[in-house]
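For reference, the structure is listed below as structure tokens.
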Amino acid sequence: MWAELLPVGRSAASGGYRRHAWNSADAECRAWFEQQARGRGLTYELDRNGNQWAWLGDPTGEGAIVTGSHLDSVPDGGAFDGPLGVVSSFAALDELRSRGTEFTRPLAIVNFGDEEGARFGVACIGSRLSAGVLGREQAYELRDADGVRLPDAMERAGYDPAAIGADHDRLGRIGAFVELHVEQGRYLTEGQPIGVASAIWPHGRWRFDFHGEANHAGTTRIEDRRDPMLTFADTVLSARQQAELAGALATFGKVAVEPNGTNAIASLIRGWLDSRAADETVLTELVERIRESALRRGERDGVRVELTRESYTPVVDFDGPLRDRLAKRLGGVPVLPTGAGHDAGILASAVPTAMLFVRNPSGVSHSPAEYAEQADCLAGVTALADVLEDLACQ
């Protein structure tokens, strides 16, 4: 399974993956998922939001145990973030069948669509729509960098955008959701290759618009310039400084420049801030300090600054009894928080959820250098199989 997925959507230039929502690589990944489901005799379903489901047992039954993750990627992302959870889910089912496990509850494997938000700027779109966190009207307004609307992209890929929306009936039939994911830090570098998540830090995405005045780079006097690049650059540095003081994280990882000419002063800079903290109050205050810094510098540069919050996820404390049950079943593995968002975090308000982490010796993620040892991945499969057996066979 791993070998089949490795070449899909991989850039020859960077070695990273470009599996973005509703593009051709995403379609290949979806076809692979359906093939894996049908090849195992599972009931394959596509829900109203484009999420894929593979069922063992009655899809309409109550108390289902669900596992899975996502198959899309950030721009030039790694091979493990998302796909490891989906591949491990199918492998865990194979392991349980080899044990002769008899299930007393329905079991499902899911591939949530557009988890990374690389194309439309909002993370976890598939699970957000299902949980009712993202409404249809909001989703219809989302556009990619080329101006393509989300519903149009879905329709071009052969899906019905008129159907999207909250899926409370489906989520109400789920007894627990367990997501396996490669660790995106280095807490597990020594000792156990497997960990259990305790919580997800609150996090969000904010777009800063810096409005200046386009002009000639070679003829416009310094004192006559309204250069938004200066305000943007100062804001990037301020965000780093403010985050360090707050013990939090703030990253400008995406920027768009207009008119984007080498010999032209920009008229508009758009910079996207990703910020995370252990506490919601700290996060709110951090973003406000970054905004105030941008406004002060903008006034000095003659640049107008606007801030738009594009997405926000409050702190997620995973279901305590479920978390403790998993940790105990796995022999007292480490329990650790994470600053990364996941579909499990979105579903936590509606479904008891938990997460397993597989050790990442490099600590690198969202990069082609992302890595996990095969032995640790296999340990993750065994751990997931043990957990699913404990939950779905009682």
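Given R₀ = 56 Å, FRET efficiency for ALA3-GLU292 by Cβ-Cβ distance, to 0.05? It comes to 0.65. Nearest-5 percent of antiparallel DSSP beta bridges in the chain? Bridges in the chain that DSSP calls antiparallel: roughly 70 percent. Here the chain exposes an accessible surface that is 48 percent carbon and sulfur, computed with a 1.4 Å probe and the other protein chains kept in place. Region 42-83 and region 343-394 have Cα centres lying 14 Å from one another.
Packing around the peptides 263-273, 130-140, taken as the average count of other Cβ atoms within 10 Å per residue, puts them in this order, highest first: 263-273, 130-140. Just for region 1-134, what percent of DSSP beta bridges are antiparallel, to the closest 5? Beta bridges within region 1-134, antiparallel portion: roughly 70 percent. Summary of the geometry: region 133-156 and region 93-116, compared by the centres of their Cα atoms, lie 30 Å apart. Secondary-structure-derived ellipticity at 222 nm for the chain, considering helices only, amounts to -10500 deg cm²/dmol, per-run term -39500 (n - 2.57) for DSSP H runs with n ≥ 4. Shape analysis of region 1-150 places it in the oblate category; the axes a ≥ b ≥ c from the Cα gyration tensor give an a/c of at least 1.5, with a/b not above b/c. Membrane-span-like helices in the chain, defined purely by DSSP H runs whose alpha carbon atoms cover 18 Å or more axially and whose average Kyte-Doolittle hydropathy reaches 0.5, are 83-98, 374-392. Among rounded, prolate and oblate, which fits region 315-394 when a ≥ b ≥ c are the square roots of the eigenvalues of its C-alpha gyration tensor, a/c under 1.5 means rounded, and a/b larger than b/c means prolate? Because a/c hits 1.5 or more and a/b fails to exceed b/c, region 315-394 counts as oblate. Taking SER89, SER362 and ordering them by how much accessible surface each has at a 1.4 Å probe, largest first, produces SER362, SER89. When both region 195-242 and region 271-330 are represented by their alpha-carbon centers, they are found 16 Å apart. Across all directions, the average flat footprint of the convex hull enclosing the Cα atoms of region 126-175 is 3.9 nm².
Choose one answer from VAL305, VAL381, VAL255: the residue with the largest mean-square fluctuation in a GNM of the chain with alpha-carbon springs under 10 Å. Ranking VAL305, VAL381, VAL255 by mean-square fluctuation puts VAL255 first. Heavy-atom accessible surface of ARG289, to the nearest 10 Å², is about 80 Å², with a 1.4 Å probe and all protein chains retained.
Given a Förster distance of 45 Å, report the FRET efficiency between ASP169 and HIS216 from their Cβ-Cβ distance, rounded to the nearest 0.05. That pair, ASP169 with HIS216, gives E of 0.15. Name the shape class, rounded, prolate or oblate, that the alpha-carbon gyration tensor gives for region 62-191, where a ≥ b ≥ c are the square roots of its eigenvalues, rounded holds for a/c under 1.5, and otherwise prolate holds if a/b is larger than b/c and oblate otherwise. Note, shape of region 62-191 comes out oblate. The mean accessible area for residues of the chain, using a 1.4 Å probe and ignoring ligands and nucleic acids, is 43 Å² per residue.
The values are calculated or read from the model by the stated rules, or taken from the named source; none is laboratory data. Given the structure is predicted, the values throughout are model-derived calculations rather than measurements. Note that we place each Cβ from the backbone using ideal geometry, even for glycine, and neighbour counts take in every protein chain shown. With ligands, DNA and RNA removed, areas are computed over all heavy atoms of the protein, side chains included. Shrake-Rupley method; radii C 1.70, N 1.55, O 1.52, S 1.80 Å.
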